[in-house]
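Read-outs throughout are calculated quantities, based only on the coordinates presented, and are distinct from any laboratory measurement. Keep in mind the model is a prediction, meaning the values are calculated, not measured. Cβ placement follows ideal geometry from the backbone for every residue including glycine, while neighbour counts extend to all protein chains displayed.
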Amino acid sequence: MIVKNRKILIIILLLVVLVSSVLLAFNWNKLYGMSNEPATEALSNFLEGVKNRDATQVVDNIKDNTFKDQESLVAFYTKDIEENRLIDYKILDVTLVDSTHAEALTELNVSTMNEVKQKFNLIEENGKWLVYLNNVIPE
């Protein structure tokens, strides 16, 4: 009788561990309050700004340390979004790397390049998600 009860107890414990492992694997980010929605929204806001040629919206959703001041940053993006017009975009995937970093894959239809796949890095800074751009200004 004790042996039979012990086997049942072991089977039940193994099932609990198995079910817990499966739930943990599928809900890891949700269990820790991590969602890719804020990062996806920041990327969408950035791309909408580019598509609508709204440099202010673009600048509000990026982190770019290339420029000395806000005026230079806005001037650069105003010119860039006019020259390389974004016709349409699709966000294919946004993956959280950790609580402050995400990677995104998009499909962009740009007037000067047609359709291209583009990766973006996003960072969370002071509670706000931003598209991280590391531009190099040609000399």
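Among Asp93, Asp69, the order by Cβ neighbours within 10 angstrom, fewest to most, reads Asp69, Asp93.
Extension gain, Lys128 to Ile87, is 12.1 nm, computed as 0.36 nm per intervening residue step minus the present C-alpha separation. Can you list the trypsin sites (Lys or Arg not before Pro) in segment 41-139 that are in a DSSP coil and have 15 or fewer other beta carbons within 10 angstrom? Sites meeting the loop and neighbour criteria: Arg53, Lys68, Arg85.
The Rg/Rh ratio for segment 34-132 is 0.96, where Rg is the radius of gyration of the alpha carbons and Rh is the Kirkwood radius.
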